[in-house]
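Some notes on the structure that comes next.
Laboratory data are not the source of any read-out in this text; all were calculated from the coordinates shown. Here the structure is a predicted model, which means the values were calculated and not measured. Glycine gets a Cβ as well: all are built from the backbone with ideal geometry, and neighbour counts include every protein chain shown.
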Amino acid sequence: MIECELKLDYDDKETASVIGKSIEPDNEGYVDMSLEGSTIFCEVKAKEPLQLLQTVDDLLSCVTVAEETHNVG
């Protein structure tokens, strides 16, 4: 099993919560996500490197859209 951990820091708890809620539906079964204050922690696990890369790429694409929608990025 291959693992990747991502830490996404935001200016405040409200922004982190909005971004987290925005990306949560796409994460089910692929990403374990938790929110601590103004930080989102994402843990991705996969059996193959390419699968991990594709999941992380999709996750970051969703984060980018959520940030642009919320005017963070």
Extension length gain for residue 24 and residue 5 (0.36 nm per residue less Cα distance), in nm, is 5.3 nm
Out of 70, 39, 54 - ranked by how far each Cα lies towards the positive end of the dipole of the chain, with unit charges on the beta-carbon of charged residues - the top one is 54
Plugging the Cβ-Cβ distance of residue 12 and residue 53 into 1/(1 + (r/R0)^6) at R0 = 22 Å yields, to the nearest 0.05, a FRET efficiency of 0.10
So the angle from the long Cα axis of helix 49-69 to the longest Cα principal axis of the chain, reported in degrees to the nearest 10, equals 10
Exposure-ranked with fewest Cβ neighbours within 10 Å first, 31, 65, 56 stand as 65, 56, 31
Treating only Lys and Arg (+1) and Asp and Glu (-1) as charged, each at its beta carbon, one finds that the chain has a dipole about its Cα centre, in Debye to the nearest 20, of 120
Helix 13-27 sits off the longest principal axis of the Cα atoms of the chain, rounded to the nearest 10 on a 0 to 90 degree scale, by 30
Plugging the Cβ-Cβ distance of residue 43 and residue 71 into 1/(1 + (r/R0)^6) at R0 = 22 Å yields, to the nearest 0.05, a FRET efficiency of 0.20
